[in-house]
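The values are calculated or read from the model by the stated rules, or taken from the named source; none is laboratory data. This one's a predicted model, so the numbers in the text were calculated from it and none came from an experiment. Virtual Cβ from ideal backbone geometry, glycine too; neighbours counted across all protein chains shown. Just so you know, the surface numbers come from the protein's heavy atoms only, side chains and all, with ligands and any DNA or RNA stripped out. Shrake-Rupley method; radii C 1.70, N 1.55, O 1.52, S 1.80 Å.
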Amino acid sequence: MHEQTLLQGRLLPFIVFLPILGRSFFPQVRDTNSITIQSSFSDPQILGVYALWAYCIYCFVRRPDTLKGLFAFPLWPLTLFVVVIIASALMVSNSLMYSLWRSIETCGVLLWGVLVLAESRKEESPIRLFVSFYAMSALMLLGVVVAMIIDPQHAWMNDDSGVQRLATTSTFMMGANSIGVVAALLSLSALSRFMCFLEIRYLVLFGSFLAFCYSARSRTGFIVFVLGAFLLMVFCFRTPSRRLLTSISGLLLIILVVGLLFVSPEFTDSITNTFTRGQNETNIMSLDGRVSIWTAALRAFEQSPILGSGYATYPKRIEAGGHFHNMFVELAVTTGILGLIPFLILFALIAMRLVKIFLRHLNKDMPHQLVWIDAFLIGTVLIVSEMTTAGAAYYSWQMIGIVVLLVGLYTMPNAPEVKGTEEYYFYEATAMQQPLLSKTESVGFKSDRNPNIL
């Protein structure tokens, strides 16, 4: 039992990233267009999936009772989704092997999520899971840095308008939109820790990740950063000890931005050029071609509304980027209404939980505040970014983040309620009450006198 717990404790948060790292570090080796059983063993992405499955099966053999999590709350919508995509692949896909491969990938994330759920419930705290997600996200950006050094020629891409964007295409493959969104989340995470602990190292990390976000010229990255920063300010403003600092910081930032917009035409032109990529109002008014893509998606959906065109396959070629630039539209077309409904339920669970936690009274204990802030930052970045991308529809950084967020939201303790001289944490998922432990023992968090959480 100790060996199994130790193995899960060290590898569990990271094993799910193996397929992503395999695809990214060996982009020229992939062969996704003509997959066979034989070719799958030379594809680093599929080998990563095989390793993930092997690890999960090993853990389930050691603890078969963990499999009950497949049908438990809150993962059952994802289980239903996996059943639908397998049916879609077998019954309607025009590329059976490719659809099955993507289904096996997604099922691997589900199996990993079941193990994570069991582990997080035992720890009664998602902080380690959130920090592991940040760590692997930072490793992905580190791969971009390595790619820029090894192969700078393919580290940048130029739009038709001439705007240069950070997007590595060889050595380590990661698109501009992915870089922008990942960097936005990490910069917000660093900013939240600076606001909480006022340590310069977090401010340095914040500036470094924000530079990545700007270099990618991703409008989605900029949008989620602004929304996340606003949400962070709201959280900090609700904390009396940080209200003054938050007010001063927010006021100075507003004065700086507004002042630059009025005083510096060059700054205004730079912002406009970044968001429109050189096409000004035309780019924004046409939503960068999104409207025409979604119109085509609606016609495709009407052709096969029940199971779609087959998981990860399209009824016809989409010229702008190869996907529908919206997760819900993507799922409606490729998996039909049966595949869309489970994800709508899953997102509804996340949204309701976030709102419920936000309305709770903030616990004064710093570790609890930080884990709530992490949940809201991850939720803001993932949910908003899926409006313009389709990442969480398939095995990706976004899908892993959705599982991390879902598990974290339903395994974190709520704010303490006071009853006489004793305080209790209320765990709604288990309907249990437990006495409040000391700060150094409380629900797996470190003491706020030793705030080195990240």
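Checked against the criterion of being open to solvent by less than 10 Å² (accessible area, probe 1.4 Å), in contact with a Gly (Cβ under 9 Å, 6 or more places away or on another chain), within 26 Å of residue 409 (Cα to Cα) and among the hydroxyl-bearing types (Ser, Thr, Tyr), the candidates 187, 218 yield just one match: 187.
One residue stands out in the range 206-215 among those that are of a type in the set (A, V, I, L, M, F, W, C) and open to solvent by 10 Å² or more (accessible area, probe 1.4 Å): the one that is nearest to residue 26 (Cα to Cα), namely 212. Residue count for the range 1-20, restricted to those that are over 16 Å from residue 54 (Cα atoms) and modelled with pLDDT of 85 or more: 1. Residue 149 meets the conditions (1) touching a Ser or Thr at 6+ places or on another chain (Cβ under 8 Å); (2) open to solvent by 50 Å² or more (accessible area, probe 1.4 Å) in every case but one. The failed one is (1).
Considering (1) touching a residue at least 40 places away in the same chain (Cβ under 8 Å); (2) assigned to a helix (DSSP H, G or I), the lone condition that residue 93 does not fulfil carries the number (2).
From 109, 92, 84, grab the single residue that is under 18 Å from residue 342 (Cα atoms), open to solvent by 10 Å² or more (accessible area, probe 1.4 Å) and of a type outside the set (Ser, Thr, Tyr). On inspection, the qualifying residue turns out to be 84. Of all the listed residues (67, 78), the sole one being within 21 Å of the chain's Cα centre (by Cα) and within 27 Å of residue 353 (Cβ to Cβ) is 78. Scanning the range 165-179 for residues that are modelled with pLDDT of 90 or more and open to solvent by 10 Å² or more (accessible area, probe 1.4 Å) yields one hit, 178. Being hydrophobic (A, V, I, L, M, F, W, C) and either surrounded by 15 or more Cβ atoms within 10 Å (Cβ to Cβ) or part of a helix (DSSP H, G or I) (or both): is that true of residue 73 here? No: the conditions fail for residue 73. So is residue 140 surrounded by 18 or more Cβ atoms within 10 Å (Cβ to Cβ) and in contact with a strand residue (DSSP E or B) (Cβ under 9 Å, 6 or more places away or on another chain) or not? Considered against the rule, which asks whether it is surrounded by 18 or more Cβ atoms within 10 Å (Cβ to Cβ) and in contact with a strand residue (DSSP E or B) (Cβ under 9 Å, 6 or more places away or on another chain), residue 140 comes out as yes.
Being at pLDDT 90 or above and open to solvent by less than 30 Å² (accessible area, probe 1.4 Å) is a property that residue 127 lacks.
Taking the conditions exactly as written (open to solvent by less than 40 Å² (accessible area, probe 1.4 Å) and in a helix (DSSP H, G or I)), does residue 203 satisfy them or not? No. The single condition among (1) over 24 Å from residue 389 (Cα atoms); (2) modelled with pLDDT of 90 or more; (3) of a type in the set (Ser, Thr, Tyr) that residue 137 does not satisfy is (1). The listed residues are 39, 34, and the only one of them that is part of a loop (DSSP other than H, G, I, E, B) and more than 14 Å from residue 112 (Cα to Cα) turns out to be 34. Residues that are surrounded by fewer than 18 Cβ atoms within 10 Å (Cβ to Cβ) and at pLDDT 80 or above number at least 2 in the following helices (runs of 4 or more DSSP H) confined to the range 270-383: 290-303, 327-359. When you check residue 176 against the structure, is it hydrophobic (A, V, I, L, M, F, W, C), within 29 Å of residue 21 (Cβ to Cβ) and more than 17 Å from the chain's Cα centre (by Cα), yes or no? It is false that residue 176 is hydrophobic (A, V, I, L, M, F, W, C), within 29 Å of residue 21 (Cβ to Cβ) and more than 17 Å from the chain's Cα centre (by Cα).
Taking the numbered list (1) in contact with a strand residue (DSSP E or B) (Cβ under 9 Å, 6 or more places away or on another chain); (2) hydrophobic (A, V, I, L, M, F, W, C); (3) open to solvent by 50 Å² or more (accessible area, probe 1.4 Å) in turn, residue 182 passes all entries but (3).
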